[in-house]
Every structure is written in structure tokens, then in C-alpha cells.
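The values are calculated or read from the model by the stated rules, or taken from the named source; none is laboratory data. Everything quoted here is computed from the prediction, not taken from an experiment. Every residue, glycine among them, receives a Cβ derived from its backbone with ideal geometry; neighbour counts consider all protein chains shown.
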Amino acid sequence: MRASVPTTSVLGVPVANLSVPEAISEINRLLVRPEPAVLCFVNAHAANLAHRDPAYRRALLAADLVLNDGSGVELAARLQGTRFRANLNGTDLIPLVLDLAARQAHRVFLLGGRPGVAQSAARALTARHLGLHVVGHAHGYFPPRAAHTVADAVRASGADLLVVGLGNPAQELFLSAHLRRTGVRLGIAGGAFLDFAAGRVPRAPRWMREAGVEWVFRLGREPGRLFHRYVVGNPLFLARVVHERCFPRRSAPLPAPEISHEPSARPSHRRVEQ
């Protein structure tokens with residue numbers, strides 16, 4: 001990220017500390033600059049994955065903008081004596097990015113979800129965002145050897161903006177490996193956004209979202225799949241934050257690496273956690 005963007009560290013990953021208008025302004029800057037860019041979101045689950053997965057951690061460190069998602073990272077900030085200016089989760093922020101894309105005539109490609117999800121999301125989003133031009137969509141259940149073909153399809157569509165919903169860490173690894181091949185200006189690691197947009201997964205009531213407990217709603221709907229992420233993962237995340245606060249690492253933080261944009265990501269044809 002630009003040195004001028006204020007950040008708060010979450011388990012060693014610098015996360016931008018911006019208001020909603022500031023985040024949209026920074027995203028607009030990324031959309032109009034010559035070089036392609038990656039936008040990622042970090043929540044407690046993503047921070048846990050980055051703590052143990054070096055490749056995923058490197059992808060986050062190399063991203064052009066990393067935004068905070070959820071009450072877990074907010075609590076991590078407060079334990080460091082600060083707080084995030086807004087909860088910039090992808091499900092709420094990406095629609096604002098799509099409004100920006102519609103106003104500026106940026107073309108959009110949707111990638112991810114089960115077969116049919118991206119197509120349904122495309123229909124729903126074009127109905128909600130006046131002037132939005134979705135030029136292509138594809139499901140996320142492709143084998144690793146097909147990643148080049150998928151990237152070529154995105155390029156052929158002429159898309160300027162790519163929303164990828166392959167789950168962590170596959171979506172970030174796909175973007176770090178294939179961003180240039182897709183030809184887009186901005187790649188967004190969107191998590192479960194396409195499932196929400198398509199109506200496949202309902203969102204929690206507004207009061208739960210505003211209270212920072214949307215994860216309780218999701219756990220109640222999918223306890224088998226999300227038990228380990230939330231019931232085990234959330235306390236583990238907080239324990240790691242407290243440990244890092246009490247026992248700072250003596251070594252310098254890892255520098256952001258130079259990403260080669262060669263085919264190193266391995267998105268799976270199996271469902272990846274979102």
C-alpha cells in the first residue's frame with residue numbers, strides 16, 4: 001500500500017485504517033492508474049490463515065489495498081490502543097465499488113461460487129446498480145490446471161474490474177498469480193460476496209451486523225462448516241493478538257515481496273471456505 005495510507009497491524013499484516021469515503025477514493029485511484037491492483041479484506045479468519053500460510057501472507061503483504069472486515073480485527077486494533085475508522089467488509093463495500101464502476105463505465109467480470117451463482121449474481125447486480133456493465137461470469141469450481149484458461153477468458157471479456165469469490169486463500173493466490181494475465185485494472189478478493197449478491201446465502205439482520213455479531217448468524221445457519229472457523233478460530237485469533245501485544249516479535253516484519261504474476265496459485269475445484 002501507499003506509504004501515505006494509514007495502517008493498523010493485524011498479526012503483522014498492515015491493514016488500511018480509512019473511512020468509507022477515503023476507501024472509495026483510494027479504490028478509485030487504483031482503478032485509474034496504469035498498473036493493475038489487488039484489493040483484499042482481512043478478518044479474524046483471514047488473519048489466522050495468514051499466520052500459518054506463508055504464501056497467503058505474502059499475497060496480503062503485496063496487495064495494493066487491504067481493508068478491515070469485522071469485529072475481530074476491530075478488537076485487535078483496540079488491544080493496540082487504536083480503532084478502525086469504519087468496518088469496511090467486502091459485502092457492504094463492494095456494492096459501492098460497483099456503483100463507482102457503473103458511473104465510470106468500467107466493465108466487470110464475476111468469478112466464483114458454485115455453478116450458476118456468478119450468473120445469478122450478475123443478473124441481480126445489474127438490476128441493483130444502474131448502468132453496471134457485467135461483461136462475463138464464471139463459477140469457481142475449476143481445477144488448478146484451468147487457471148490460465150479462466151484468466152484468458154477474463155481478458156477476452158475486456159473487463160476492467162474482476163470480483164473473485166474463491167474463498168481464502170485461493171482468491172488472493174489466484175489474483176497474485178494471474179492478475180496481469182486477466183488484463184483488469186483492479187482485482188477484488190470478494191469472499192462470499194457473490195453468494196450474498198445471488199441470494200444464495202442470506203445476510204444477518206441489520207442490528208446483528210451493526211452490533212458486530214453477524215458471525216453468530218452465519219454460525220447458526222452453517223454450524224458444521226463454520227464451527228471451527230468461529231468457535232475455535234476466534235479465540236485463537238484473540239490469543240495470538242494478545243501474545244503479539246505482550247511479546248512483540250524481535251525480528252523485523254517481512255517485507256512485501258515482488259510478485260511475479262506467474263501461475264503459482266492453485267485454486268481448487270472443491271469448495272473453499274468463504
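Scanning the stretch 10-28 for residues that are of a type in the set (Gly, Ala, Ser) and surrounded by 14 or more Cβ atoms within 10 Å (Cβ to Cβ) yields Gly12, Ala16, Ala23.
One line per residue, one yes/no per condition, for (1) β-branched (Val, Ile, Thr); (2) under 17 Å from Ala50 (Cβ atoms); (3) surrounded by 12 or more Cβ atoms within 10 Å (Cβ to Cβ); (4) modelled with pLDDT of 80 or more:
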position: Arg225; (1), (2), (3), (4): no, no, yes, yes
position: Pro235; (1), (2), (3), (4): no, no, no, yes
position: Ala239; (1), (2), (3), (4): no, yes, no, yes
position: Val242; (1), (2), (3), (4): yes, no, yes, yes
position: Pro248; (1), (2), (3), (4): no, no, no, no
position: Leu254; (1), (2), (3), (4): no, yes, yes, no
position: Ser260; (1), (2), (3), (4): no, no, no, no
position: Ser268; (1), (2), (3), (4): no, no, yes, no
position: Val272; (1), (2), (3), (4): yes, yes, yes, no
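Please enumerate the residues belonging to the stretch 72-87 that are within 16 Å of the chain's Cα centre (by Cα) and either within 24 Å of Arg155 (Cβ to Cβ) or of a type outside the set (A, V, I, L, M) (or both). Residues satisfying the conditions are Gly72, Asn87.
Can you tell me which residue in the stretch 110-125 is surrounded by the most Cβ atoms within 10 Å (Cβ to Cβ), limited to those that are among the aliphatic types (A, V, I, L, M) and closer than 12 Å to Phe196 by Cβ? By that ranking, first place goes to Ala121.
Mind checking which residues of the stretch 126-145 are loosely packed, with under 14 Cβ neighbours inside 10 Å and among the small types (Gly, Ala, Ser)? Answer for the stretch 126-145, where residues must be loosely packed, with under 14 Cβ neighbours inside 10 Å and among the small types (Gly, Ala, Ser): Ala127, Gly131.
Restricting the stretch 206-223 to residues that are of a type in the set (Gly, Ala, Ser) and assigned to a helix (DSSP H, G or I) leaves a set whose member that is surrounded by the fewest Cβ atoms within 10 Å (Cβ to Cβ) is Gly220. Only residues that are outside any strand (DSSP E or B) and more than 20 Å from the chain's Cα centre (by Cα) were counted in the stretch 125-138, giving 7. The residue of the stretch 100-113 that is nearest to Leu238 (Cα to Cα), among those that are outside any loop (DSSP other than H, G, I, E, B) and out of contact with any His (no Cβ under 6 Å at 6 or more places or on another chain), is Gly112.
A single entry from Gly81, Gly90 fulfils the requirement of being of a type in the set (Gly, Ala, Ser) and touching an Asp or Glu at 6+ places or on another chain (Cβ under 8 Å): Gly90.
Based on this model, can you work out whether Ala101 counts as over 24 Å from Arg209 (Cβ atoms), aliphatic (A, V, I, L, M) and at pLDDT 95 or above? Criteria not met by Ala101. Note on the stretch 29-58: residues that are within 21 Å of Ile94 (Cα to Cα), more than 14 Å from the chain's Cα centre (by Cα) and surrounded by 16 or more Cβ atoms within 10 Å (Cβ to Cβ) total 3.
Consider Gly90 carefully, then state whether it is modelled with pLDDT under 95, within 13 Å of the chain's Cα centre (by Cα), buried (at least 23 other Cβ atoms within 10 Å of the Cβ) and within 23 Å of Gly167 (Cα to Cα). Lay out the reasoning, then the answer.
Values: modelled with pLDDT under 95: yes; within 13 Å of the chain's Cα centre (by Cα): yes; buried (at least 23 other Cβ atoms within 10 Å of the Cβ): yes; within 23 Å of Gly167 (Cα to Cα): yes.
Considered against the rule, which asks whether it is modelled with pLDDT under 95, within 13 Å of the chain's Cα centre (by Cα), buried (at least 23 other Cβ atoms within 10 Å of the Cβ) and within 23 Å of Gly167 (Cα to Cα), Gly90 comes out as yes.
Take the conditions (1) within 22 Å of Leu194 (Cα to Cα); (2) in contact (Cβ under 8 Å) with a residue 60 or more places away in the chain; Ser19 misses just one of them, which is (1).
Applying the set (1) under 18 Å from Leu175 (Cβ atoms); (2) within 18 Å of the chain's Cα centre (by Cα); (3) free of Cβ contacts under 8 Å to residues at least 60 places away in the same chain to Arg107 leaves exactly one unmet item: (2). If I filter the stretch 152-172 down to residues being surrounded by fewer than 23 Cβ atoms within 10 Å (Cβ to Cβ) and aliphatic (A, V, I, L, M), which single residue comes out as farthest from Leu194 (Cα to Cα)? Applying the filter and picking the extreme gives Ala156.
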